[in-house]
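What follows is calculated from the coordinates using simple rules that are stated; it is not laboratory data. Since the structure is predicted, the reported quantities are computational estimates derived from the model, not experimental observations. As a convention, Cβ positions derive from the backbone with ideal geometry for all residues, glycine included, and neighbour counts pool all protein chains shown.
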Amino acid sequence: MNPYDIIKRPVITEKTNIQKEDCNQVTFEVDRRANRVEIARAIESIFNVKVAKTRTAQVKGKIKRRGRILGKRKDWKKAIVSLMPGERIDFFEGV
């Protein structure tokens with residue numbers, strides 16, 4: 001599987017920014033079929049960093065309502081990747 005197919009997008013929230021600054025952890029939305037080893041290899045090859053640990057979680061999609069019609073967001077998988085000391089990933093370098 002291509003590393004760019006495994007890693008879909010970074011998750012940018014207030015909590016993930018705090019994790020990035022304090023614990024050197026970065027959070028990504030990943031393919032639901034990917035395991036921890038594949039995710040770590042994909043991160044290392046895309047961003048040229050060393051991964052210390054990878055944690056994954058299945059996130060259930062929320063039920064949303066538009067008037068009387070109920071809908072559901074899709075389920076997705078997130079990976080919290082701990083980087084080795086001294087390693088860093090910058091998403092907004094020139095901003």
Practice item. Could you tell me the distance between the Cα centroids of the stretch 52-68 and the stretch 13-28, to the nearest Å? Key: 18
Revision key, fill the gap. Of the candidate values (1) 1.20; (2) 0.94; (3) 1.04, the one computed for Rg/Rh (Cα atoms, Kirkwood Rh) from this structure is (3)
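Find how much the distance from Ser45 to Lys74 grows on full extension, using 0.36 nm per residue of separation minus their present alpha carbon separation; answer in nm with one decimal.
Numbers: separation 29, 0.36 × 29 = 10.44 nm, distance 2.77 nm.
Here the answer is 7.7 nm.
With each run of n ≥ 4 DSSP H residues scored as -39500 (n - 2.57), what mean residue ellipticity at 222 nm is computed for the chain after dividing by its residue count and rounding to the nearest 500 deg cm²/dmol?
Values: 3 runs with 26 residues, N = 95.
Rounded to the nearest 500, the figure is -7500 deg cm²/dmol.
Any of Lys20/Lys64; Lys50/Lys77; Lys20/Lys77 with alpha carbons more than 24 Å apart? Name them for me.
Working: Lys20/Lys64 30 Å; Lys50/Lys77 22 Å; Lys20/Lys77 19 Å.
Those over the limit are Lys20/Lys64.
I need Val59, Val30 ordered by Cβ neighbour count within 10 Å, fewest first.
On the way: Val59 14, Val30 26.
Ascending number of Cβ neighbours within 10 Å: Val59, Val30.
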**Study point:** Fewest-first sequence of Thr16, Thr27 by Cβ atoms within 10 Å of each Cβ
**Key:** Thr16, Thr27
